[in-house]
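Undergrad: Please find one structure pasted underneath; my questions will follow.
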Amino acid sequence: MIRSLLRTTGRRLLGPSVFDSLVQFRRRPVRGPLGASDERARWVFVEPHYDDVAFSCGGMLAAVVRRGMPAEVLTVFTADPAPTAPLSPLAEAVHAEWGAGERPYEQRRREAGHMGTLLSLEQTTLDLPEALYRMPHLTSIDEVMRPQHAPGEDPSFAVVREALEEALGHDEALTVVVPLGVGGHLDHLLVHAAIRALAADRPMWRVWYYEDFPYALDIPALKERVQALGAAFRPATVDIADTLDARVRLSAVYTSQVRAIFGTPDQLRSAISGYAGRVGTPRHPRERVWTVQGRGENGRHQGDPEATSRDTKR
Ligand SMILES: [Zn+2]
């Protein structure tokens, strides 16, 4: 009771994003994206799987598009399972949850295509197989969410990094928006680590890390991830009062995932608006993103520890 009164008062006095940054994360917030300096660059929203960008930062994506800035979505793991090998029992079970037939990525591609047409977006896919297909020895979702190896020690790391490098190039001043890695999904950690490794050699890039949704609903998991990434990671927020509805609409097209993850479209809407209403306020919903601040921006300051150390161990 007293805690919640203090929180309400503190948020009113300091503003919700400043208060939460200091109290929840012990970090000073930085100026958010969509400032003047970001407006020149091409924006590339990178997602491990179809739906991650819409679910996690669809409000920011819609805001970028509304401002007329060039934006595209790049999806990394979009391949069908290899036709020559049988599906693992875990992959079979997940397919059943999606309820999207024998070749669910056909439906997932259609869903993503629909999302793209809603915003007239450029979309790119890297056509790599997701963890369920490339690691048939996985027996539970828990193993997907608690990888045994640091991303840099994963045999797929070099492949993911090379594919991203080819897609993103070297010289252009890009704003790259990528997963923070909340929840520990190994595909999300791989993409996060690969982008940081590339960003270390690309001072022209501006990198923002979105809070993986719905994993970020688990606040202890979010705090744990932020802690593991180190003090150079600083939060910022984006006003999505005008684009919250767009985020819900963009997310709702992924029907196979909405059913499996949220249940109904109404539950999807309330999960998204509840979270954005807590990051901001119910009347002024916001999305939170993170960035590496200070000397050695883009991750260089830490010598890319994600690629070599085991910070995902719990
Ligand atoms: Zn994902």
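Derivation of every value follows stated rules applied to the coordinates shown; laboratory data play no part. All figures in this text were calculated on a predicted structure; none of them were measured in a lab. In this analysis, Cβ positions are derived from the backbone assuming ideal geometry, glycine residues included, and neighbour counts consider all displayed protein chains.
Undergrad: In debye, nearest 20: dipole of segment 63-166 around its Cα centre with unit charges on the Cβ of K, R (+) and D, E (-)?
TA: It works out to roughly 380 debye.
Undergrad: Next question. Which of the three applies to segment 57-159, rounded, prolate or oblate, going by the alpha-carbon gyration tensor with a ≥ b ≥ c and a/c under 1.5 meaning rounded?
TA: Details: a/c = 2.30, a/b = 1.61, b/c = 1.43.
Judged from the Cα gyration tensor, segment 57-159 comes out prolate (a/c at least 1.5, a/b above b/c).
Undergrad: I've got another one for you. Of the peptides 46-56, 128-138, how do they stack up when ordered by the mean number of other Cβ atoms within 10 Å, highest first?
TA: 46-56, 128-138
Undergrad: Please compute the length gained on full extension between Ala231 and Thr125, using 0.36 nm multiplied by the number of residues separating them and subtracting their Cα-Cα distance.
TA: 34.9 nm
Undergrad: Moving to a separate point now. Could you work out the pair-distance distribution P(r) of segment 52-99 from its alpha-carbon pairs, with 10 angstrom bin width and percents rounded to whole numbers?
TA: Bin by bin from 0 Å, the calculated values are 20, 33, 23, 19, 5.
Undergrad: For a distance above 35 Å, tell me the whole-number percent of Cα pairs in the chain that qualify.
TA: 15
Undergrad: Can I ask one more? Springs between alpha-carbon atoms under 10 Å, Gaussian network over the chain: tell me which of Leu168, Leu186, Leu244 tops the mean-square fluctuations.
TA: In this elastic network of the chain, the residue with the biggest mean-square fluctuation among Leu168, Leu186, Leu244 is Leu168.
Undergrad: Name the residues whose placed amide hydrogens come within less than 5 Å of the amide hydrogen of Val177, ignoring near sequence neighbours (fewer than 5 apart) on the same chain.
TA: Hits under the 5 Å cutoff: Val44, Phe45, Val46, Trp208.
Undergrad: Please name whichever of Leu174, Ile272, Gln107 sits farthest to the positive end of the charge dipole of segment 31-307, dipole taken about the Cα centre and charges placed at Cβ: Lys and Arg +1, Asp and Glu -1.
TA: Farthest towards the positive end: Ile272.
Undergrad: Something else about it: Which one, Val248, Val258, Pro48, is farthest towards the positive end of the dipole of the chain when Lys and Arg carry +1 and Asp and Glu -1 on their Cβ?
TA: Val248
Undergrad: On to the next question. Report the label-to-label distance for Gln148 and Ser4 in nanometres (one decimal), using points 7 Å from each Cα along the Cα→Cβ vector.
TA: 4.5
Undergrad: To the nearest 20 debye, what charge dipole does the chain have about its Cα centre, counting +1 at the Cβ of each Lys and Arg and -1 at the Cβ of each Asp and Glu?
TA: So the magnitude is around 1760 debye.
Undergrad: So how much slack lies between Ala173 and Gln267, counting 0.36 nm per residue of separation and subtracting their Cα-Cα distance, in nm?
TA: Working: separation 94, 0.36 × 94 = 33.84 nm, distance 3.83 nm.
Roughly 30.0 nm would be gained on extension.
Undergrad: Can you compute the helix-only [θ] at 222 nm over the chain? Use -39500 (n - 2.57) per DSSP H run of at least 4 residues, normalise by all residues, nearest 500 deg cm²/dmol.
TA: -13500 deg cm²/dmol
Undergrad: Right, another one. Between Arg67 and Arg283, what length in nm is gained on full extension when 0.36 nm per residue of separation is reduced by their alpha carbon distance? Provide the component values of the computation, followed by the final result.
TA: Values: separation 216, 0.36 × 216 = 77.76 nm, distance 2.19 nm.
In short, 75.6 nm is gained.
Undergrad: A follow-up question, please. Per residue of segment 241-254, in order, report the coupling 6.51 cos²θ - 1.76 cosθ + 1.60 (Karplus, θ = phi - 60°) as ³J(HN,Hα) in whole Hz, putting x for Gly and Pro.
TA: My calculation for segment 241-254 gives 3, 8, 10, 4, 4, 5, 4, 5, 5, 5, 6, 5, 6, 7 Hz in order.
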